1. Using all Cα-Cα distances in region 81-208, what percent lands in each 5 angstrom bin from 0 up to the longest?
2. Using a 1.4 Å probe on the protein chains only, how many percent of the accessible area of region 53-195 belongs to carbon and sulfur?
3. Can you give me the accessible area per residue for region 79-171, using a 1.4 Å probe, in Å²?
4. Could you compute the net charge surrounding ARG87? Neighbours are other residues with a C-beta less than 14 Å from the C-beta of ARG87; K and R count +1, D and E count -1.
5. Number of Lys-Lys pairs in region 58-146 under 27 Å by Cα, sequence gap 8 or more or different chains?
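The values are calculated or read from the model by the stated rules, or taken from the named source; none is laboratory data. Just so you know, these numbers come straight off a predicted model, no measurement behind them. Don't worry about glycine lacking a Cβ; one is built from the backbone with ideal geometry, like all the others, and counts go over all protein chains shown. Please note that ligands, DNA and RNA were not included when accessible areas were found on the heavy atoms of the full protein model with its side chains. Shrake-Rupley method; radii C 1.70, N 1.55, O 1.52, S 1.80 Å.
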Amino acid sequence: MSKRINYLSQNSKIKAMSGVKTFNFGIPAFRSANGFVTCPFAGTCAKGCYAKQGAYVWSNVSAAYERRLELARSPEFVATIDTEIKRRKIQRVRIHDSGDFFSPEYLDKWIAIVQLNPLTQFYAYTKSIVFFKGKALPDNFKVIFSEGGKLDHLIKDSDRHSRIFATLDALNSAGYADASKNDENAIGDNPRIGLVYHGHKSKTFITERVQN
């Protein structure tokens, strides 16, 4: 009998979320090993992307993310993830701790999964804003538009969005809800979500993107 593969996992931030059984699904950040672009609207964020550093680049971890991308591009994706959510009784899913919605068709797959699991909560940060504009989403799917991409001009003041800051003081001064270590704020009703940058300090990235 072949070993059953679990495609949904937990990182330290996800584990910090209390009370609700939460897992995440990620694919390679920005570009896969064979050059497939997973973050088509990445901008300055690509220079300091935390998902291109640390544990994400360990061989066993990067291989797992490549496998998830292969599944995401296959016809079996919806049925496979739906089955896993039900089998493991997962209550909440963060879509993409790494990577993004790389096509409208891929987004539609996730919407299908969300609709099949109305009692599970789904949420995602995304720079693929154009795929969402005018799109009807299920009530159990919350989306936060993430600044730092090529489509920032499409983010309206009324849109829920996230911004990266250099320090917690800067985040608080700007009036953003801190979701740096725990995503509970991201899935609430806060319209402005703040994240303190925790990757390697790329001088170019800090200068061009992080708000001081």
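1. Cα pair-distance distribution for region 81-208, in percent: 2, 10, 19, 22, 20, 14, 8, 5, 1, 0.
2. Roughly 53 percent of what the probe reaches on region 53-195 is carbon or sulfur.
3. 43 Å²
4. Net charge around ARG87: +3.
5. 12
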